Amino acid sequence: MKNSKEMVMKGIFFLSACFSIVALLLIVIFIFANGVPFMLDYGFFNFIFGMEWTPTNAPASYGIFPMIIGSIYVTIGAAVVGVPIGVLTAIFMAEFCPSFLYKILKPAVNLMAAIPSIVYGFFALQVFTPLIRQYFGGNGYSVLTASILLGIMILPTVISLSESALRAVPRTYYTGSVALGATHERSIFRVLLPAAKSGIISSIILGIGRAIGETMAVVLIAGNQAIIPDSLLSGVRTLTTNIVIEMAYATGEHREALIATAVVLFGFILLINSIFLYFKNKEAK
Amino acid sequence: MSAKIIRGFVYLSAAITFGMLGYVIIFILINGVRFLTPDLFAWNSTSQNVSMMPAIITTLYVVGGTLLVTTPIGVFTGFYLVEYANRKNPIVKAVSMATDTLAAVPSIVYGLFGFLFFVTFLSFRLSLIAGILTSVIMSLPLIIRATEEALISTGRPIREASYALGAGKLRTIFTVVLPVAMPGILSGIILATGRVIGETAALLYTLGSASNIPGGLFSSGRTLALHMFVLSNEGFHVDQAYATAVVLLLFVLILNGLSTLVSARLSKGGK
Amino acid sequence: DGGSDSEGTGTDEASGDFDTSGTITVVARDTASGTRGAFNEITGVLVEDGDTETDNTAQSAIIQSGTQGVITAVSEDINGIGYISLGSLNDTVKGVMIDDVEPTHDTVADGTYPIARPFNMAYGEDLTPQAQEFWDFIFSAEGQALVEEEGYIPVEPDAAAYEEAEGIEGTISLAGSTSVEPVATVISEAFTEIYPDVTFEISATGSSAGVTAAQDATADIGMASRELSEEEAASLTVEAIANDGIAVVVNNDNPLEGLTLDQVRQIFVGEITNWDDVME
Amino acid sequence: MSTPTYKMEVKDLKLWYGDFQALHGLDLAIPEKKITAFIGPSGCGKSTFIKSLNRMNDLIETCRIEGTIELDGKNIYDPKTDVNQLRKKVGMVFQQPNPFPKSIYDNIAYGPRTHGIKNKKELDEIVERSLKQAAIWDEVKDYLDRNALSISGGQQQRICIARALAVGPEVLLMDEPTSALDPISTAKIEELVSDLKSEYTIVMVTHNMQQASRVSDETAFFLNGHIIEHGDTRKIFTNPDQEETENYISGRFG
Amino acid sequence: MSTPTYKMEVKDLKLWYGDFQALHGLDLAIPEKKITAFIGPSGCGKSTFIKSLNRMNDLIETCRIEGTIELDGKNIYDPKTDVNQLRKKVGMVFQQPNPFPKSIYDNIAYGPRTHGIKNKKELDEIVERSLKQAAIWDEVKDYLDRNALSISGGQQQRICIARALAVGPEVLLMDEPTSALDPISTAKIEELVSDLKSEYTIVMVTHNMQQASRVSDETAFFLNGHIIEHGDTRKIFTNPDQEETENYISGRFG
Ligand SMILES: Nc1ncnc2c1ncn2[C@@H]1O[C@H](COP(=O)(O)OP(=O)(O)OP(=O)(O)O)[C@@H](O)[C@H]1O
Ligand SMILES: Nc1ncnc2c1ncn2[C@@H]1O[C@H](COP(=O)(O)OP(=O)(O)OP(=O)(O)O)[C@@H](O)[C@H]1O
Ligand SMILES: [Mg+2]
Ligand SMILES: [Mg+2]
Ligand SMILES: O=P([O-])([O-])[O-]
């Protein structure tokens, strides 16, 4: 009797474990089944490299190249803004922060991660857009605005993972360096940082994944024009905002085109995720 | 000399990071608190009062419903991975891979999937149930990971002690391991809660944005984050959007406080 | 009626510091928007040529997915110009005259204001009893009075008074236009006064989403702020509940008072990019 | 000394961890109500062997066993054996004290509860009796609801012994039970073990030769997965048959 | 033996970790170009003391110091002292080999680069000279770009010695430099240390009495944060003045 209970529960645990596989499969099946046929129909090349996104025209064009480029631009922008600040803040947290301050700042980083994207988006809309319009020109809805916002939004990811990577470096490396007469700063930047490299790279990749997938904050401040931006101040539409702006009403072919956009987004995420896993495994070694 | 410059950059970055966080919070508070009128908490939301009460209730519904489903599945998955399966088992690898991937899927893709699968394919319409099930999948990886880590960190000795007394696997897991792993699992649950509370894109196409308290599992509603999105996007209610942001922040602050408490307990090592 | 007495295209001397050489910031709605659809058709931004239709909205136009998005963008950018439902016009932005006609309730009602469109509601197969009752209520004297109160033009000025029914309860779901949503909400609130056991679910997702929702029966009633295409209308019962103007709005500090319909088109397709070209 | 009756008999026990053979065909008889000590250098297989006596090795995925171990004449590796019942009969105490992070009371009551005892009064009795047997009742009787982790290491180890006794075992396995403890706690536990001998069959691994010679009746000397020598403790320590034993005992290696 | 000149002089050194006093007013003179060994039981303050000779204790927040330590007659605890220059002069080798996870070349070049040497040829020369001095040149000269973590522990420790020598120190502190190594590596390092004596003043902590007596010229015996006895190594090991020293050396405690 007792044994059968053990068996039943084991079965339940096993089924639970299968749930996430099933969920992932369902996601892949439903997104791909609705998106891939369209891509093939419309022409994979025309879809990915098409420059025109005019779904309401007849005949309509569904080229998402501007959005692919847009996503890449703002993601690079986010990395340029967020990575140096994030990594340096992580260094601050791990090596410069007095412990009484750390007790406050550590939860603050977690808080930063927990603030909903809609709040960030709203904040950026009210604060960054006017600032950028005033000091840099343009209308404020731009690659630059999106990059700064996303740069801030990836900070907590970069900070907390980089910090733990730094803390995982054996202390003896640091003492070894200091004993040779190197300064605190030199010891950190020349010894600790290279030793924590793969952990820090993982944190950056995760941050990039977050940036490329972000939607609701970006839609408010990016301008959303389906064109390849020609300057930092020009508006931009990303893969995610393309979906969120038009999904509500899309029907037929148009809707399939948006789902196909999600397929492409998914592809990006899978790529980023495999790079991440590669570095994570490397770290584990 | 250059050491000083480097230190300057480090301090500057930290100042930017935490300055920005402070700015976001203070900006929202300053602009929002004064619009927190009793009207905004009226039981019924109308086009006049744009009360966020229904959104608060809906948020609780969605969070509650999601946790109710996701916690057992996530925790049980953790049990299976840590306590039952061989690490080299292909299922374990598949589950790990699926979990990692699910954790990386952007919310908008979840939204799209929920829309295609729950709303359309299963004909749930825009509804509480569609929103909850979508959130379940979205928050599952957080709980699985937290449980796995918590279980692994409980260590061998107390398990051995229990087995050596003739206790079976189930009894060992539920009465010895689980209590010790609880704080870790709890912080996973808190994380999941945070994710659901802050979610917009995934819920927009599954939960919908109806402004009243959902009447049942198959009715639409809107969470606080969605309410804020709708207000900042559609209505004439920027002030109320700020006020909503204040309440949303409050939720997040409370959760964050909770998780700090839990992790403090965690680091004390079960005393 | 914020009537001004200046005639024709011109500027208001009061705002002297406006830099007329500024580049115009065009703010358009998302393609889901009925407002965009109607606006494009009336102004000629949408070009029809036999079987082809081309939406010529300037590629550099900022896309906002809701009425408030447009208002925010225009109110914060001195060079902004956009279009919104007349019923949503408030004092944070300024509606300009089109072909010398002020955008007001009256000018839309008498047909002199050129950019107007109907607010439509649509449903698929059958309505539930409560939705049917609501439908009747919209077209009753009471419903149409609410339309009028909210600043839109009723479609049935001589509608009969509403007769209450018995035992109406349950949920009624509406989805669609962000422009129609405010008036629909007001009518729904009046309806629940009469029938406290009825609850509404109203999602503002854009006109086309409303049409789709009606077709898929994911909502009882779909709302659209534009005419439905023949294809769309084929499987649906469609009825206009009101008429509404589309106001072309600029920043409050912009001295611009009016534009011609063709200037509007030129601005929105990107042929005119400077205020210089439409002032003096 | 009368001819002992044997509580457990190990016959040709071979054990592998994956490809690595840790035990090479061991034979050993464990006398009832006596203390048998295992000594030998680190890594020789003492822990491995003692764990196979109550099948704790089952928990190690890579572990594979050949040969038989009989408890009261029944092979414990028989597929029909109920492992939980076996472990109830053959209790174990570990090197590191490992109380559950629960109250002292709940630690002791855990085993009896596991085996179906629910009655509060009965449990109270068992807890008191076990704690007394483990010679720690006086120290903790007023703090039974304190977390077992909050007491000293030596006390924790006695709690673990009490916990093992509470399920009513017949054999008690102890793997270096004092190596993590200070000399005073060690002395207390040695004394306790000697007392328990009257009721239990005890098997004890130790790295401390003095301890083995002070406490045990029989001693088995392990080396590289073999039992080199086994017999009366006094004999092993004064006049071993094998040279390796002699070398080990005199501290020449290990 | 001629009267030695003293490289470093410690006067009334007191050291606290928070409230705990680890060193109780030590006085010691360290002779130039000789090897001074510190012995004593675990926790007596040897590491604490040796670390205070190049102010590595500065890294410990709770650590507070009184008294003076003079290097060539100048107090190293003077606020005006440049700590990095001090550590350049007083190098250190740790118990666990701790090469940086970089190439062997970069490990050795790290110190010189830190102190401003950029010239590739100059660096090459320093690397070669230091590796030769540390008696490891022949073993690694063809693998200078290999990761220093990929070589054996004994080699790593000699890399660490070479790394310390590369900055041109005058004093070399070694805290149990061989305790993590096998006997052969230990012998190599002992030999190396003896060779280095001609050029460097060496201070070495060891828990291995034989090592102290084999390698050092002078020995200081530590107990509970005091220096119990200090003097010529031969004398300390054959005929100590203090009873505690005698007891310790003969293995009666520690
Ligand atoms: N789980 C395991 N997997 C693989 N090999 C193992 C495992 N446990 C022990 N071994 C190996 O089996 C051999 C015997 O180990 P065991 O722990 O029994 O030694 P021991 O005599 O108890 O040593 P010690 O005195 O250090 O506790 C050792 O070589 C050890 O490395
Ligand atoms: N960072 C520290 N904080 C507090 N106490 C410390 C610290 N480092 C050492 N101690 C204490 O100072 C005393 C001396 O320690 P030290 O490490 O110098 O001993 P040691 O002689 O080197 O011992 P061993 O032979 O074990 O290395 C010990 O009681 C130790 O617990
Ligand atoms: Mg062992
Ligand atoms: Mg030491
Ligand atoms: O522009 P709409 O939101 O009314 O479709």
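The values are calculated or read from the model by the stated rules, or taken from the named source; none is laboratory data. Note that the structure is predicted; figures quoted are calculated from it, not measured. Here the Cβ is made from the backbone with ideal geometry for all residues, glycine too, and neighbour counts use every protein chain on show. Note: accessible area is taken over every heavy atom of the protein model, side chains too, but ligands, DNA and RNA are not part of it. Shrake-Rupley method; radii C 1.70, N 1.55, O 1.52, S 1.80 Å.
Looking only at the stretch D:84-100, which residues are in a loop (DSSP other than H, G, I, E, B), at the interface with chain B (Cβ under 7 Å from one of its Cβ atoms) and open to solvent by 40 Å² or more (accessible area, probe 1.4 Å)?
D:96, the sole residue that qualifies.
Here are B:91, B:129, B:173: which of them is among the β-branched types (Val, Ile, Thr), surrounded by fewer than 24 Cβ atoms within 10 Å (Cβ to Cβ), farther than 30 Å from residue B:226 by Cα and at pLDDT 90 or above?
B:173
Matching residues to (1) surrounded by fewer than 18 Cβ atoms within 10 Å (Cβ to Cβ); (2) polar (S, T, N, Q); (3) in contact with a helix residue (DSSP H, G or I) (Cβ under 7 Å, 6 or more places away or on another chain):
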| residue | (1), (2), (3) |
| --- | --- |
| C:166 | yes, no, no |
| C:197 | yes, no, no |
| C:212 | no, yes, no |
| C:220 | no, no, yes |
| C:239 | yes, no, no |
| C:245 | no, no, yes |
| C:249 | no, no, yes |
| C:259 | no, no, yes |
| C:269 | no, no, no |
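Filtering the stretch D:102-116 down to residues that are open to solvent by 40 Å² or more (accessible area, probe 1.4 Å) and not in a helix (DSSP H, G or I), which residue is farthest from the other protein chains (Cβ to nearest Cβ)?
My answer is D:116.
Pull out all pairs, ordered by first then second residue, where Cβ-Cβ is under 9 Å, the residues are six or more apart or on different chains, the first lies in the stretch D:175-197 and is closer than 19 Å to residue D:47 by Cα and within 16 Å of ligand 1 (Cβ to nearest atom), and the second is in a helix (DSSP H, G or I) and among the acidic types (Asp, Glu).
D:178/D:190
Do you know which residues across the stretch E:16-35 are within 16 Å of ligand 4 (Cβ to nearest atom) and either open to solvent by less than 50 Å² (accessible area, probe 1.4 Å) or in a loop (DSSP other than H, G, I, E, B) (or both)? Quick ask: steps written out before the conclusion?
Kept after step one, since they are within 16 Å of ligand 4 (Cβ to nearest atom), are these residues of the stretch E:16-35: E:17, E:20, E:22-23, E:26.
Within the stretch E:16-35, E:22, E:23, E:26 meet the criteria.
Name the residue that is most open to solvent (accessible area, probe 1.4 Å), counting only residues in the stretch B:106-126 that are facing another protein chain (nearest Cβ under 9 Å) and free of Cβ contacts under 8 Å to residues at least 12 places away in the same chain.
B:121
Looking for whichever is within 21 Å of the chain's Cα centre (by Cα) and either modelled with pLDDT of 95 or more or of a type in the set (Asp, Glu) (or both) here; the options are D:124, D:142, D:175, D:138. Which one fits?
Answer to the selection: D:175.
Could you look through the stretch E:168-216, keep only residues that are touching a helix residue (DSSP H, G or I) at 6+ places or on another chain (Cβ under 9 Å) and small (Gly, Ala, Ser), and pick out the one that is nearest to ligand 5 (Cβ to nearest atom)?
The selected residue is E:180.
So which of A:88, A:150, A:125 is open to solvent by less than 20 Å² (accessible area, probe 1.4 Å), facing chain B (nearest Cβ under 10 Å) and under 23 Å from the mean Cα position of the chain (by Cα)? Write out each step before concluding.
Working: A:88 fails: open to solvent by less than 20 Å² (accessible area, probe 1.4 Å); A:150 fails: facing chain B (nearest Cβ under 10 Å).
After applying the criteria, what remains is A:125.
Within the stretch D:100-119, is even one residue under 24 Å from residue D:154 (Cα atoms), within 16 Å of ligand 1 (Cβ to nearest atom), in contact (Cβ under 8 Å) with a residue 40 or more places away in the chain and touching a Cys at 6+ places or on another chain (Cβ under 9 Å)?
If we filter the stretch D:100-119 for residues that are under 24 Å from residue D:154 (Cα atoms), which is where we start, we get D:100-112.
Now restrict to residues that are within 16 Å of ligand 1 (Cβ to nearest atom): none.
No, the stretch D:100-119 contains no residue that is under 24 Å from residue D:154 (Cα atoms), within 16 Å of ligand 1 (Cβ to nearest atom), in contact (Cβ under 8 Å) with a residue 40 or more places away in the chain and touching a Cys at 6+ places or on another chain (Cβ under 9 Å).
Please find, among B:66, B:70, B:154, B:59, the residue that is facing chain A (nearest Cβ under 10 Å) and either touching a residue at least 24 places away in the same chain (Cβ under 8 Å) or aliphatic (A, V, I, L, M) (or both). Spell out the reasoning first.
On the way: B:66 fails: facing chain A (nearest Cβ under 10 Å); B:154 fails: facing chain A (nearest Cβ under 10 Å); B:59 fails: facing chain A (nearest Cβ under 10 Å).
One residue alone meets the criteria, B:70.
Does residue B:93 qualify as being over 27 Å from residue C:185 (Cβ atoms), within 11 Å of chain A (Cβ to nearest Cβ) and out of contact with any Ser or Thr (no Cβ under 9 Å at 6 or more places or on another chain)?
Yes; evaluated as a whole, the condition is true for this residue.
Within the stretch A:36-83, can you find the residues that are assigned to a loop (DSSP other than H, G, I, E, B), polar (S, T, N, Q) and open to solvent by 30 Å² or more (accessible area, probe 1.4 Å)?
The one that is assigned to a loop (DSSP other than H, G, I, E, B), polar (S, T, N, Q) and open to solvent by 30 Å² or more (accessible area, probe 1.4 Å): A:56.
Given the options E:32, E:66, name the one that is away from ligand 2 (no atom under 13 Å from the Cβ) and more than 27 Å from residue E:237 (Cβ to Cβ).
E:66
Can you find even one residue in the stretch D:36-53 that is within 14 Å of chain B (Cβ to nearest Cβ), in a loop (DSSP other than H, G, I, E, B), within 8 Å of ligand 1 (Cβ to nearest atom) and at pLDDT below 95?
no
With the condition kept exactly as written, say whether any residue in the stretch D:72-83 is open to solvent by less than 20 Å² (accessible area, probe 1.4 Å), away from ligand 3 (no atom under 16 Å from the Cβ), assigned to a strand (DSSP E or B) and within 14 Å of another protein chain (Cβ to nearest Cβ).
no
Can you confirm whether residue E:184 is closer than 21 Å to residue A:172 by Cβ, among the β-branched types (Val, Ile, Thr) and part of a helix (DSSP H, G or I)?
Working: closer than 21 Å to residue A:172 by Cβ: no; among the β-branched types (Val, Ile, Thr): yes; part of a helix (DSSP H, G or I): yes.
It is false that residue E:184 is closer than 21 Å to residue A:172 by Cβ, among the β-branched types (Val, Ile, Thr) and part of a helix (DSSP H, G or I).
Return the only residue of A:109, A:119 being open to solvent by less than 40 Å² (accessible area, probe 1.4 Å), in a helix (DSSP H, G or I), of a type in the set (A, V, I, L, M) and facing another protein chain (nearest Cβ under 7 Å).
None of the others qualify; the one that does is A:119.
Output yes when any residue across the stretch D:173-183 is in contact with a strand residue (DSSP E or B) (Cβ under 9 Å, 6 or more places away or on another chain), within 14 Å of chain B (Cβ to nearest Cβ), within 15 Å of ligand 3 (Cβ to nearest atom) and open to solvent by 10 Å² or more (accessible area, probe 1.4 Å), and no when none is.
So far as the stretch D:173-183 goes, yes, one or more of its residues are in contact with a strand residue (DSSP E or B) (Cβ under 9 Å, 6 or more places away or on another chain), within 14 Å of chain B (Cβ to nearest Cβ), within 15 Å of ligand 3 (Cβ to nearest atom) and open to solvent by 10 Å² or more (accessible area, probe 1.4 Å).
Can you find, within the stretch C:175-195, the residue that is surrounded by the fewest Cβ atoms within 10 Å (Cβ to Cβ) among those that are hydrophobic (A, V, I, L, M, F, W, C) and either more than 9 Å from chain B (Cβ to nearest Cβ) or more than 19 Å from residue C:216 (Cβ to Cβ) (or both)?
Out of the qualifying residues, it is C:194.
Of the conditions (1) in contact (Cβ under 8 Å) with a residue 24 or more places away in the chain; (2) farther than 30 Å from residue D:23 by Cβ, residue D:93 clears all except one; give me its number.
(2)
May I ask you to say which residue of E:249, E:236, E:151, E:227 is touching a residue at least 40 places away in the same chain (Cβ under 8 Å) and under 24 Å from residue E:8 (Cα atoms)?
Going through E:249, E:236, E:151, E:227 in turn, just one is touching a residue at least 40 places away in the same chain (Cβ under 8 Å) and under 24 Å from residue E:8 (Cα atoms): E:227.
Kindly provide the set of residues from the stretch D:200-231 that are assigned to a strand (DSSP E or B), open to solvent by 10 Å² or more (accessible area, probe 1.4 Å) and among the β-branched types (Val, Ile, Thr), ordered by number.
Of everything in the stretch D:200-231, those that are assigned to a strand (DSSP E or B), open to solvent by 10 Å² or more (accessible area, probe 1.4 Å) and among the β-branched types (Val, Ile, Thr) turn out to be D:227, D:228.
Restricting the stretch C:205-239 to residues that are in a strand (DSSP E or B), more than 13 Å from the chain's Cα centre (by Cα) and among the aliphatic types (A, V, I, L, M), which is farthest from ligand 4 (Cβ to nearest atom)?
By that ranking, first place goes to C:238.
Mind listing whichever residues of the stretch D:30-70 are more than 15 Å from ligand 3 (Cβ to nearest atom) and at positive phi?
D:33, D:55, D:67 - these are the residues of the stretch D:30-70 that are more than 15 Å from ligand 3 (Cβ to nearest atom) and at positive phi.
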